[in-house]
């Protein structure tokens with residue numbers, strides 16, 4: 001990997017934002033706005049705060065112990081049975097989960113470009129896959145980091161500018177931050193949280209922090225990076241809900257597919273709406289198409305004890321396989337139900353397991369030193385664990401529901 005960048009104050013947090021603002025998030029936020037107006041904004045506020053807290057925990061883990069989350073899972077459990085269970089569950093769920101999500105990311109990005117160019121989405125599936133291979137194949141961490149920051153910036157400009165132009169009722173937006181549970185809204189509430197609090201981001205962020213910073217004194221910078229990046233991601237999501245509410249909810253309409261969501265941007269771009277929204281949809285897909293294989297490679301390498309970076313054949317093999325699976329599923333129009341079901345079920349277990357393990361390690365003074373958890377951090381951490389455990393169980397339960405929305409992360 002590239003040498004640690006001590007000059008730049010930003011990076012790892014934006015990787016997390018780029019990962020969770022994908023086609024699935026855009027679609028889910030749009031459906032939330034179209035069906036319930038501003039009423040579900042509170043779910044995004046909650047999810048954003050939860051993500052900041054969890055990712056801050058992984059950042060402290062890396063700085064305090066010198067291990068990323070994958071390495072911690074491999075090295076810290078004393079019991080061989082516990083260690084093996086954690087490793088197998090995490091390895092398969094993260095790898096298969098990222099591969100399943102990769103297909104959705106590639107397809108989402110290709111549909112966006114198809115809307116812009118009228119060229120078949122299969123052509124763009126190949127192009128997006130090749131771009132991902134090229135960028136990650138360069139083996140330059142800082143390049144990937146900067147490229148993803150740029151993609152997040154483009155998404156931010158589009159939706160935030162639209163939010164200002166359409167002049168929504170900001171009092172109603174504030175009211176939407178107060179928890180309410182409209183009839184039939186539970187699925188979307190949990191989906192909004194689920195697309196923001198993503199299990200593999202815990203591994204991605206801890207590895208990225210370890211790659212970029214090494215001193216306990218860098219904790220303030222880690223917090224600043226997270227606060228800016230994740231808050232921006234939350235604002236983007238809220239902006240999508242608001243623009244969708246104006247375009248659809250107030251008109252009594254419901255979007256049937258992703259491209260119809262282009263109507264959200266009409267107040268800003270007029271006749272160029274489809275073009276610019278298509279590019280935005282592509283940006284969301286492309287950013288997640290880069291972070292999913294990257295996260296799988298970091299997590300798998302940490303768990304297996306492999307060397308990370310461009311000099312590691314195993315590291316490169318993992319992200320390449322993830323992209324390849326996404327490409328094959330996308331180009332052949334396959335429905336990877338078995339893979340997706342397994343991935344979602346396993347991720348539903350990994351989320352609480354990873355957070356419980358995080359809390360255990362953060363309370364180990366021998367490993368964490370001065371960054372060991374305080375009493376109030378344990379209280380907050382315990383509440384978060386209870387919440388993500390419920391969310392994880394919900395991810396399993398929803399697999400057996402006949403109705404629902406398929407998300408890609």
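Out of the residues in the range 160-190 that are in a helix (DSSP H, G or I) and within 23 Å of residue 13 (Cβ to Cβ), which is nearest to the chain's Cα centre (by Cα)?
Among those residues, the one meeting the criterion is 160.
Against the definition (buried (at least 24 other Cβ atoms within 10 Å of the Cβ) and either in contact with a strand residue (DSSP E or B) (Cβ under 9 Å, 6 or more places away or on another chain) or at pLDDT 85 or above (or both)), how does residue 24 come out, yes or no?
In short, no.
Considering every residue within the range 170-192, establish whether at least one is closer than 24 Å to residue 295 by Cβ, in contact with a helix residue (DSSP H, G or I) (Cβ under 8 Å, 6 or more places away or on another chain) and at pLDDT 85 or above.
yes
Condition test on residue 209, is it assigned to a helix (DSSP H, G or I) and closer than 19 Å to residue 299 by Cβ?
In short, yes.
Within the range 122-141, track down each residue that is over 20 Å from the mean Cα position of the chain (by Cα) and either modelled with pLDDT under 85 or surrounded by fewer than 19 Cβ atoms within 10 Å (Cβ to Cβ) (or both).
Within the range 122-141, 122, 123, 126, 127, 130, 134, 137, 138, 139, 140 meet the criteria.
The values are calculated or read from the model by the stated rules, or taken from the named source; none is laboratory data. Everything numeric here is computed off the predicted structure, so don't read it as measured data. Please note: Cβ atoms are built from the backbone with ideal geometry, for glycine as well, and neighbour counts cover all protein chains shown.
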